[in-house]
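Every read-out reported here was derived from the displayed coordinates using simple, explicitly stated rules and does not represent laboratory data. Source: prediction; values computed, not measured. All Cβ positions, glycine included, derive from the backbone under ideal geometry; neighbour counts span all protein chains shown.
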Amino acid sequence: MTLQLLGVDYSTTLFELVGSTLGPWGRTDWMVMDARRLAFRTCFDVVLDKGCLDALLAGWDQLEVLRGWGRQLTDKEERLGEAALANARALLAEVATCLVEGGRYICISYESPSGRQRLFDSVTSASASDAAGGVPLPLPLRLVESAVEVENHNYVYVFEKRQGQQLQQQDGEDGGHERREAVQVEEEPPQ
Ligand SMILES: C[S@@+](CC[C@H](N)C(=O)[O-])C[C@H]1O[C@@H](n2cnc3c(N)ncnc32)[C@H](O)[C@@H]1O
């Protein structure tokens with residue numbers, strides 16, 4: 001089996017910096033593209049996101065910190081926060097669209113579940129109902145695993161794409177709120 005890899009970023013600088021360093025595992029392509037408007041439909045087994053969702057949500061995360069400190073946000077800050085959330089939802093909607101049935105979305109993020117769960121729920125829970133970039137909610141994504149990557153202080157969220165009926169059946173079985181506890185990724189034992 002040949003593994004085909006496609007890297008997407010909207011910065012050409014990134015591609016100039018990394019070249020084709022993804023390694024020798026088959027074809028490696030790069031495309032300059034906005035992840036909120038991907039040109040793909042139902043074709044990837046895995047989407048790996050390292051830092052893109054975080055980049056879209058960086059402003060929103062900072063506003064959440066200010067909120068946590070009890071700071072009243074200005075109207076402008078509220079609008080910026082909403083725009084950031086809309087961008088993040090658009091990204092997740094595109095991911096759901098371009099995954100095949102049973103495909104996985106692996107999201108590596110600096111943010112812990114307490115900071116990301118609300119966003120994930122707002123697009124994947126059975127009660128999610130607003131439109132996300134024109135895609136009907138809830139998105140057919142289900143969080144199946146979350147983990148802490150200790151060495152680099154990252155969190156890893158793994159979603160599986162499941163179509164509507166299967167998603168509802170599973171939600172019915174566990175109330176739609178089953179979340180596995182975050183597990184720590186074991187470090188390699190010293191040789
Ligand atoms: C935190 S960096 C992570 C870069 C790289 N993936 C890594 O792990 O080192 C976030 C990346 O997301 C890219 N990015 C931000 N918004 C994007 C969008 N709407 N579409 C595509 N790429 C985007 C940025 O250009 C940047 O390269």
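Relative contact order for the stretch 45-175: 27 percent, from Cα pairs under 8 Å spaced at least 6 residues apart, divided by residue count. Answer rounded, prolate or oblate for the stretch 45-175, using the Cα gyration tensor with square roots of eigenvalues a ≥ b ≥ c: rounded when a/c is under 1.5, else prolate when a/b is larger than b/c, else oblate. Prolate, since a/c reaches 1.5 and a/b exceeds b/c. Got a sec? Which residues in the stretch 52-80 would a label at ASP34 touch, if it sits 7 Å along Cα→Cβ and we count backbone N under 15 Å? Residues 56 fall inside that zone. Peptides 138-147, 2-11 ranked from most to least packed, by the mean per-residue count of other Cβ atoms within 10 Å: 138-147, 2-11.
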